[in-house]
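Please read the structure below before turning to the comments.
The values are calculated or read from the model by the stated rules, or taken from the named source; none is laboratory data. Treat the numbers as computed from the prediction; the structure is a model and nothing was measured. A quick note on method: Cβ atoms are made from the backbone with ideal geometry, for glycine too, and the neighbour counts reach across all protein chains shown.
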C-alpha cells in the first residue's frame with residue numbers, strides 16, 4: 001500500500017513537473033537578456049521540475065583517467081553478472097598490470113555510483129572493480145531471494161572471478177566484507193583478499209551509538225517488517241517482490257540533517273536565480289546522485305537491521321553464514337586497515353576500529369587504524385581529504401601487501 005501511494009503521488013506530480021520544465025526554458029530566455037525576474041521564475045520552475053526521485057542508476061561517467069603523464073581511456077566491463085548484482089571493472093586500455101581492488105559499495109538505498117569519487121581517485125594506480133548492485137524492483141520474483149548470506153556469497157564469488165586482489169569496503173558492507181574474508185581464510189581459499197580496508201562501517205554499533213543506531217534499536221524487528229516493507233507495484237519487472245523502498249531510506253537519511261538539506265535547496269534556488277551556473281551545478285550534481293534511489297529486498301534489509309544493528313552478531317562472535325559460524329580469528333594472511341571520520345554521525349568513532357579486536361590472530365604489523373580529523377561520513381570516501389589524506393594510506397596498505 002505504501003509503495004502504491006508513493007507511485008500514485010509521483011504520477012500525479014509528473015504533469016506539473018513537465019509543465020514547469022517547459023515554462024522554465026521559456027523564462028530562461030528572458031533571464032539571458034538580463035531580466036532578474038525572468039531568472040527568478042526560471043529558477044522556481046527548475047526547482048519544481050527537480051522535485052522527484054530517480055530509480056535508475058546514474059552513469060559513472062568516467063571515460064578517461066590521467067595515469068602518469070598521459071590520459072588513458074576507461075571502459076566499463078561486466079566481469080560477472082547475477083540478477084542481483086554485477087562485478088563491474090573499469091578497464092584501462094594499455095595500462096600496465098596494477099593491483100586489483102574490489103570496491104564494495106553499500107546496498108543501503110543508493111546506487112554504487114555514490115562511490116564515483118572513490119573510484120576516480122583509486123583508478124590511476126589500481127585495477128578497480130565495483131559491486132554494482134541491482135535495484136530490487138527490477139528483479140523478477142522468479143530469481144528468488146537475496147538476503148544477508150547471499151550478499152556475502154556474492155563477494156566471495158566476485159573475489160574468485162577477480163583472482164588475487166584487495167578489498168576496500170565502504171560503510172554498511174564492512175560487516176559482510178569482514179565475514180567473507182573470515183570464511184575464505186578459514187577455508188584456506190587461494191583468493192582470500194591480500195588486504196582488507198574497512199571505511200566507516202558498523203562493525204560494532206554498541207560503541208558510541210548514533211541516531212541511526214538508535215532508530216534501528218528503538219523498535220522490534222516485527223515493527224520494521226510491518227511498517228517499512230512494501231510490495232513492488234505491478235508495472236515493474238520485480239512486481240510483487242517485498243522490498244524496503246529506497247525512497248523511505250532517503251527520507252530517513254534526510255530527516256537526520258533536515259536543516260542542512262533545506263539550506264542546500266535554498267542555496268540552489270539563489271544560485272539559479274543569480275545566474276551562478278558553476279555554484280548551481282555543484283549542488284545539482286550532488287542531489288542528482290543523492291535522489292537516485294534503489295530498493296532493497298525485504299530479506300536483506302530486515303536481516304541487516306536484525307543481525308548488525310540489533311543483535312550485533314559479528315561483534316559478539318555469534319554471526320552464522322549458511323549454518324556455519326563466522327570466525328574472524330581465522331584471518332592470518334589478510335592485512336587489515338580501518339578508517340573512521342571524526343565527525344561521522346552514521347558510523348561513529350570506534351565502530352569500525354572494533355574489527356581489530358575481532359581479528360586477534362593478525363600480527364600487529366598487519367593491522368592499522370586511521371581516524372581522519374574534521375570529516376563526516378561521506379568525507380571518509382569522497383572529497384578533498386579522502387583524495388589527499390586518506391587515499392595515500394589506502395594505497396600504501398595495498399602496495400605493502402601486493
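Please work out if residue 332 is assigned to a helix (DSSP H, G or I) and either modelled with pLDDT of 95 or more or surrounded by 15 or more Cβ atoms within 10 Å (Cβ to Cβ) (or both). No: the conditions fail for residue 332.
Of all residues in the range 114-136, those that are assigned to a helix (DSSP H, G or I) and either under 21 Å from residue 398 (Cβ atoms) or modelled with pLDDT of 95 or more (or both) total 12.
Residue 286 satisfies every condition listed in (1) without any contact (Cβ under 8 Å) to a residue 60 or more places away in the chain; (2) more than 18 Å from the chain's Cα centre (by Cα); (3) part of a helix (DSSP H, G or I) except (2). Please indicate, with yes or no, whether at least one residue in the range 188-198 is farther than 21 Å from residue 307 by Cβ, in the same structural domain as residue 393 (by TED's automatic domain parsing), out of contact with any strand residue (DSSP E or B) (no Cβ under 6 Å at 6 or more places or on another chain) and not in a loop (DSSP other than H, G, I, E, B). No, there is no match, as no residue in the range 188-198 is farther than 21 Å from residue 307 by Cβ, in the same structural domain as residue 393 (by TED's automatic domain parsing), out of contact with any strand residue (DSSP E or B) (no Cβ under 6 Å at 6 or more places or on another chain) and not in a loop (DSSP other than H, G, I, E, B).
Report whether or not residue 382 is surrounded by fewer than 16 Cβ atoms within 10 Å (Cβ to Cβ), within 22 Å of residue 172 (Cα to Cα) and either at pLDDT below 95 or assigned by TED's automatic domain parsing to the domain that holds residue 119 (or both). Taking the combined requirement at face value, the residue does not satisfy it. Determine whether residue 316 is farther than 30 Å from residue 57 by Cβ and assigned to a helix (DSSP H, G or I). For residue 316, the condition - farther than 30 Å from residue 57 by Cβ and assigned to a helix (DSSP H, G or I) - is not met.
Taking the criterion of being within 20 Å of the chain's Cα centre (by Cα) and within 25 Å of residue 101 (Cβ to Cβ), would at least one residue in the range 315-324 satisfy it? No, the range 315-324 has no match at all. Restricting attention to the range 265-282, does a residue exist that is loosely packed, with under 15 Cβ neighbours inside 10 Å, over 20 Å from the mean Cα position of the chain (by Cα) and in the same structural domain as residue 376 (by TED's automatic domain parsing)? Among the residues of the range 265-282, not one is loosely packed, with under 15 Cβ neighbours inside 10 Å, over 20 Å from the mean Cα position of the chain (by Cα) and in the same structural domain as residue 376 (by TED's automatic domain parsing), which makes the answer no. Among residues of the range 231-243 that are on the phi > 0 side of the Ramachandran plot, those with a beta-carbon under 9 Å from a residue that is in a loop (DSSP other than H, G, I, E, B) at least six positions away or on a different chain give the pairs 240/232; 240/233; 240/234. When the range 179-199 is filtered for residues that are in contact with a helix residue (DSSP H, G or I) (Cβ under 6 Å, 6 or more places away or on another chain) and under 20 Å from residue 368 (Cα atoms), the ones remaining, listed by number, are 179, 180, 182, 185, 192, 193, 195, 196, 197, 198, 199. What about residue 219, is it surrounded by fewer than 24 Cβ atoms within 10 Å (Cβ to Cβ), without any contact (Cβ under 8 Å) to a residue 12 or more places away in the chain, assigned to a loop (DSSP other than H, G, I, E, B) and outside the structural domain of residue 162 (by TED's automatic domain parsing)? Here the answer is yes, as residue 219 does meet what is asked. Against the criterion of being at pLDDT 95 or above and either in contact with a helix residue (DSSP H, G or I) (Cβ under 9 Å, 6 or more places away or on another chain) or not assigned by TED's automatic domain parsing to the domain that holds residue 200 (or both), residue 37 does not qualify. Hey, does the range 341-349 have a residue that's buried (at least 22 other Cβ atoms within 10 Å of the Cβ), touching a strand residue (DSSP E or B) at 6+ places or on another chain (Cβ under 6 Å), closer than 30 Å to residue 252 by Cβ and in contact (Cβ under 8 Å) with a residue 40 or more places away in the chain? Among the residues of the range 341-349, at least one is buried (at least 22 other Cβ atoms within 10 Å of the Cβ), touching a strand residue (DSSP E or B) at 6+ places or on another chain (Cβ under 6 Å), closer than 30 Å to residue 252 by Cβ and in contact (Cβ under 8 Å) with a residue 40 or more places away in the chain, which makes the answer yes. Of the residues 169, 182, the single one that is under 27 Å from residue 78 (Cα atoms), modelled with pLDDT of 95 or more and in a helix (DSSP H, G or I) is 182.
When restricted to residues that are within 21 Å of residue 178 (Cα to Cα) and touching a helix residue (DSSP H, G or I) at 6+ places or on another chain (Cβ under 6 Å), the range 81-100 contains 4. Would you call residue 104 without any contact (Cβ under 8 Å) to a residue 60 or more places away in the chain and surrounded by 16 or more Cβ atoms within 10 Å (Cβ to Cβ)? Considered against the rule, which asks whether it is without any contact (Cβ under 8 Å) to a residue 60 or more places away in the chain and surrounded by 16 or more Cβ atoms within 10 Å (Cβ to Cβ), residue 104 comes out as no.
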